[in-house]
Amino acid sequence: MDIPRIFNITESAHRIHNPYTPEKLATLGAALRLEPGTRILDLGSGSGEMLCTWARDYGIIGTGIDMSRLFTEQAKLRAAELGVADRVAFIHDNAAGYVSDEKVNVAACVGATWIAGGVAGTIELLARSLCTGGVILIGEPYWRQLPPTEEVAKGCLATAIADFLLLPELLESFSRLGYDVVEMVLADQDGWDRYEAAKWLTMRRWLAANPDDELVKEVRAQLTSEPVRYARYTRDYLGWGVFALMPR
């Protein structure tokens, strides 16, 4: 069980697998008013930066679930590095359908709502682990401006314009599901640049170190096309944010 190998390659040097900077993660933690002992479940936890830094800075207790063997091992190393391995645990598993044995104060899926078929399904899944008065965190893309054509949407790596909503419509969708939006922290241009551009150096170094690998052609093609694709499409059209929700 693992994610497609191409993602393990292109994001192997990432600590945050979303268009978020460390400063944005800290801002989100402060916005949630986290207290020591807060229990957090993170589905699709990646390399564990959110749980590890929040354990260090706010004293939370967390469990992260991720399908990537590489990212899960990186998360464990990060926890040891920050001295919080006794407060956070990372499990290599499929987050789809995962429900915590113990109710949590915060149930999060930050950038991986595909695990339950989209936003609505993921919120429903997270709610099964949430204690009364708890908070759900959803990380999700949205259109900063509507693409003028389906071709532009596909240039943003969407399958169609209908894949994402404008920010007001996304917030309205949470309301229709019966949730209050109680906080949001949105990615900025620098966060997007760090997330996307950091892949390019990783790919270039991987190509130099693995000239005979079966994925060389695919990685070379991405390194050649991605800078222009990102600058032409994603950078202007696609936003991303983490939204804190409480059931009514």
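The values are calculated or read from the model by the stated rules, or taken from the named source; none is laboratory data. The model shown is predicted, which means the values in this text are computed figures rather than measured ones. For neighbour counting, all protein chains shown are included, and Cβ atoms are generated from backbone atoms with ideal geometry for every residue, glycine included. For accessibility, only protein heavy atoms count, side chains too; no ligands or nucleic acids. Shrake-Rupley method; radii C 1.70, N 1.55, O 1.52, S 1.80 Å.
Key figures
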| item | result |
| --- | --- |
| Per-residue SASA entry for Asp57, accessible area with 1.4 Å probe, Å² rounded to 10 | 80 Å² |
| Percent RCO, i.e. relative contact order, over segment 10-87, from Cα pairs under 8 Å lying at least 6 residues apart | 30 percent |
| Where labels lie 7 Å past Cα in the beta-carbon direction, separation of Met1 and Glu150 in nm | 3.6 nm |
| Positive dipole terminus of segment 140-193, leading residue within Leu167, Trp192, Ala153 (C-beta point charges) | Ala153 |
| Relative contact order (%) - criterion: Cα under 8 Å, at least six apart; region: the chain | 22 percent |
| Heavy-atom accessible surface of segment 117-176: percent carbon and sulfur, 1.4 Å | 55 percent |
| For Leu238, residues with placed amide H under 5 Å, excluding near neighbours | Arg144 |
| Signed unit charges on C-beta, dipole axis of segment 38-77, positive-most listed residue Gly48, Gly59, Phe71 | Gly59 |
| Net charge contributed by nearby residues that have their C-beta within less than 13 Å of Ala96 (K/R +1, D/E -1) | -2 |
| Point-to-point label distance, Arg235-Glu124, nm (Cα→Cβ direction, 7 Å offset) | 4.0 nm |
| Ranking by accessible area, most exposed first, for Ser175, Ser45 with a 1.4 Å probe | Ser175, Ser45 |
| Segment 76-137: relative contact order in percent, alpha carbon pairs under 8 Å with at least 6 residues between | 34 percent |
| J(HN,Hα) series, segment 25-39, from Karplus relation 6.51 cos²θ - 1.76 cosθ + 1.60, nearest Hz, glycine and proline x | 4, 5, 4, 4, x, 5, 5, 7, 6, 5, 10, x, x, 4, 9 |
| Cα-based shape type of the chain, given that a ≥ b ≥ c are square roots of the gyration tensor eigenvalues and the cut on a/c is 1.5 | oblate |
| Given charges at beta-carbon only (K, R positive; D, E negative), |dipole| of the chain in Debye | 200 debye |
| Scattering profile of segment 177-223 at q = 0.27, 0.32, 0.33 Å⁻¹ [log10 I(q)/I(0), Debye over alpha-carbon scatterers] | -0.95, -1.09, -1.12 |
| Net charge contributed by nearby residues that have their C-beta within less than 11 Å of Val242 (K/R +1, D/E -1) | -1 |
